[in-house]
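The values are calculated or read from the model by the stated rules, or taken from the named source; none is laboratory data. Note that the coordinates shown come from a computational prediction; the quantities given were computed from them, not determined experimentally. Glycine gets a Cβ as well: all are built from the backbone with ideal geometry, and neighbour counts include every protein chain shown.
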Amino acid sequence: MVEDNVADGVTVTRLAEGAPLHRTLDVADPAAWLALDAGVREVAWYRPQFLPEWEHLAPLPADLHQLDESRLALALCHRDGRIRQEALGLSVRYPGLLPLVVIRCADWAGPVREHARQLLRAALSVDSAPGLAPLILRVSRRDRGAFGVDVLGEILRWASHAQLAVLFDDPDRVVRRFAYRLAVKGRLLGPAELARAAATDHDTVVQDLCATAALTALAGGDAYEGVLPLLLSARNPRTRSAGVTALRRAGQPEQAEPFLGDRSALVRACARYVVRQHGGDPVAWYRERCTAPDDLELPPGAVIGLAECGNRADAGLLRPLLVHPAAGVRARAVTGLRELDCADTKQLRPLLDDPATAVVRETATALLPCAKELPADWLRERTSSERPRHVRVGAFRLLDAHGGIVALRMAVALLEDPDIKLRIWAAQSVQRWYPAPDEPRGNAEVGELLDRSRHLFSDHVLRWRKWEAGVDS
C-alpha cells in the first residue's frame, strides 16, 4: 500500500511538472484514474500549510486557461471545488480527460457534480461508451454514482455486438454482467453464443444469466443441438445443471441418466428430477452402479448420490466401497455413511491412515461426533511428525473435539511443531480450551500445561483459566 501511494505521488508530481498524460498514466486502466483523483489531494502533513506536495512544487496559476492537458487533469481533481468547477468548463478542449469528468459526476459538491453530468451526457457516444464503461461502473459503487450507469445504459442500447464484445472479456465481473445484460436485452447474441459464455465465464451471475437466456431463446427441438452440448460439457456445475434440466424440454430425458453420477450435488439433483419425470428410478440406478462387481470406473458421484436419495438400508451397499481402489469412491462412501447416520466407529478407524487426503478428511468429519470414544493414545500417535501431514491434521481435529485435558495436552505438544499451520491451530486450541465438566478440578498437569503456554494469554486470562480449572496460580 505504501509503495502504491509513493507511485501515485510520483505520477502527480510528474504531471504537475508538465509530463504528457498518456506517458505518465495508464489511461486504459480505470484504477489509474481513480488513484490519480485521490493522489492529487494526498496531503503531505510534514509540510507547512498542509498542502499536497505538488502544490508546493508547481502551484496552479490563477488563470486556468494557461494549463495544458496534464495540469488541467490536476485541476479537475483539486481539493477546491471552485477550481474543479472551472476546470470542467475547460476540459472539453481535451477529450482524453473525459474519464475525470466521469469521476466528477459523483463529486461531493453539487455544482461540480451537475456540471460534470451535463458534459458527460453531451460527450458520451456509442463509440466512446464501451471504453469508459469499466470506469463508469467503478464510479457507480460510490454515493451519487448511479447517474453514469443510467446514461451508459441509454447509450449502449444502440451498441452493436462488436462494440460490446470488448466488455465481455473485461476482468471486472461487474462490467461483464452489465454487458451481458445489455446483450440479452438487445438480443445481440444467439443461443449458441450465450451457451458458450455460460460455459466459459467464471462468474456465477453471468453463467445463470446466459444459460437462462440461451434456453429461453430456443424455439424447437432441432435448435437444442447447438446449445445443449455446450451447457452439458461446461466445467461449472450451475451451467451443467441448466443443461440437464433442459433435456426434458428438449425431449431427450434419457441423456440425463449419466449425470446422476456427476461430481456436483446440484447437477445430480437436476438429473434425478429429469429421470423421475421420464418414469425412471434414480435409486435403482445408484444401487446397480454401487453393486457392480469390480467396477473400477464407478463415479464417486454415484456413491454419494445413493446416500442422497436412498435409505439406511443402503448403507450395506456403501460399506464394501470403503476399500475400493479409487480414493474418490472411498471418500464418498465415508460421506454417504455419515449422511445416512450409519457411520460405524470401528469400521472407519482404519481409514484415518488412508494415503488419500480426501478420505482422511471425510473420515475425521464422520468420527467427530464420537471423538471421545476413540483411544486418546492412538490418536496422539497419529499427530507425530513422522506421520503424513493429512493424517496428523485428521488426528488433531479428533483430539481437539475430544476436549478436556486430552485436547490441552495435544495442543501444547504441538505449539513448537515444524508445521506452521499445525502450530497456529494448536495455539488456537489452547486459547479456546476450557475444563471439561466431567473432569475433576485441581489437576496439577493442567496448571503445568497452561504455564507452558502462558505466552498465548494475558496474565488476567491465564489466572482466570487456572481458577476455572481449580489450579492455584
Within the stretch 224-246, can one find any residue that is surrounded by fewer than 17 Cβ atoms within 10 Å (Cβ to Cβ), over 29 Å from the mean Cα position of the chain (by Cα) and not in a helix (DSSP H, G or I)? no
How many of the residues in the stretch 95-144 are under 15 Å from P30 (Cβ atoms), surrounded by fewer than 18 Cβ atoms within 10 Å (Cβ to Cβ) and outside the structural domain of D29 (by TED's automatic domain parsing)? 4
Quickly run through the stretch 110-146 and pick out the residues that are of a type outside the set (G, A, S) and either in contact with a His (Cβ under 6 Å, 6 or more places away or on another chain) or assigned to a loop (DSSP other than H, G, I, E, B) (or both). L124, V126, D127, R141, R142, D143, R144
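Kindly establish whether R23 is within 25 Å of P111 (Cβ to Cβ) and either at pLDDT 80 or above or among the aromatic types (F, W, Y) (or both). Spell out the reasoning first.
Details: within 25 Å of P111 (Cβ to Cβ): no; either at pLDDT 80 or above or among the aromatic types (F, W, Y) (or both): yes.
So R23 fails the test.
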List the residue pairs whose Cβ atoms are under 7 Å apart, where the first residue sits in the stretch 69-81 and is over 16 Å from L34 (Cα atoms) and in the same structural domain as V92 (by TED's automatic domain parsing), the second is at pLDDT below 90 and not aliphatic (A, V, I, L, M), and the two are 6 or more positions apart or on different chains. R71/G18
Of the conditions (1) without any contact (Cβ under 8 Å) to a residue 12 or more places away in the chain; (2) over 17 Å from P30 (Cβ atoms); (3) not aromatic (F, W, Y), P171 fails just one. Which one is it? (2)
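Which of the residues belonging to the stretch 89-105 are of a type in the set (S, T, Y) and part of a helix (DSSP H, G or I)?
Initial filter on the stretch 89-105 (of a type in the set (S, T, Y)): 91, 94.
Matches in the stretch 89-105: S91 only.
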When both residues are 6+ apart or on different chains and their Cβ atoms are under 9 Å apart, which pairs have a first residue that lies in the stretch 21-37 and is among the charged types (D, E, K, R) and buried (at least 20 other Cβ atoms within 10 Å of the Cβ), and a second that is modelled with pLDDT under 90 and part of a helix (DSSP H, G or I)? none
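Could you grab me the full set of residues in the stretch 448-473 that are in a loop (DSSP other than H, G, I, E, B) and surrounded by 13 or more Cβ atoms within 10 Å (Cβ to Cβ)?
Step one: filter the stretch 448-473 for residues in a loop (DSSP other than H, G, I, E, B), giving 453, 457-458, 470-473.
Listed by number, the residues that qualify are S453, F457, G470, V471.
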Conditions (1) in contact with a Cys (Cβ under 7 Å, 6 or more places away or on another chain); (2) more than 26 Å from L374 (Cβ to Cβ); (3) crowded, with 23+ Cβ neighbours inside 10 Å: number failed by L260: (1)
Residue pairs meeting the criteria (Cβ under 7 Å; at least 6 apart or on separate chains; first in the same structural domain as A407 (by TED's automatic domain parsing), in the stretch 431-447; second acidic (D, E) and modelled with pLDDT of 85 or more): Y434/E468; P435/E468
Among (1) out of contact with any Asp or Glu (no Cβ under 6 Å at 6 or more places or on another chain); (2) over 24 Å from L351 (Cα atoms); (3) not in a loop (DSSP other than H, G, I, E, B), S429 falls short only on (1)
Please go through the stretch 340-365 and give me each residue that is under 21 Å from D314 (Cα atoms), acidic (D, E) and surrounded by 16 or more Cβ atoms within 10 Å (Cβ to Cβ), ordered by number. E362
Residue check, A302 against (1) farther than 30 Å from V446 by Cα; (2) free of Cβ contacts under 8 Å to residues at least 40 places away in the same chain; (3) surrounded by 20 or more Cβ atoms within 10 Å (Cβ to Cβ); (4) among the hydrophobic types (A, V, I, L, M, F, W, C), all met but one. Which one? (2)
Neighbours by Cβ (under 7 Å, 6+ apart or cross-chain): first from the stretch 142-156, modelled with pLDDT of 90 or more; second among the hydroxyl-bearing types (S, T, Y): A146/S140; G148/S140; V149/S140; I155/S125
Which count do you get for residues in the stretch 366-389 that are buried (at least 18 other Cβ atoms within 10 Å of the Cβ) and assigned to a helix (DSSP H, G or I)? 5
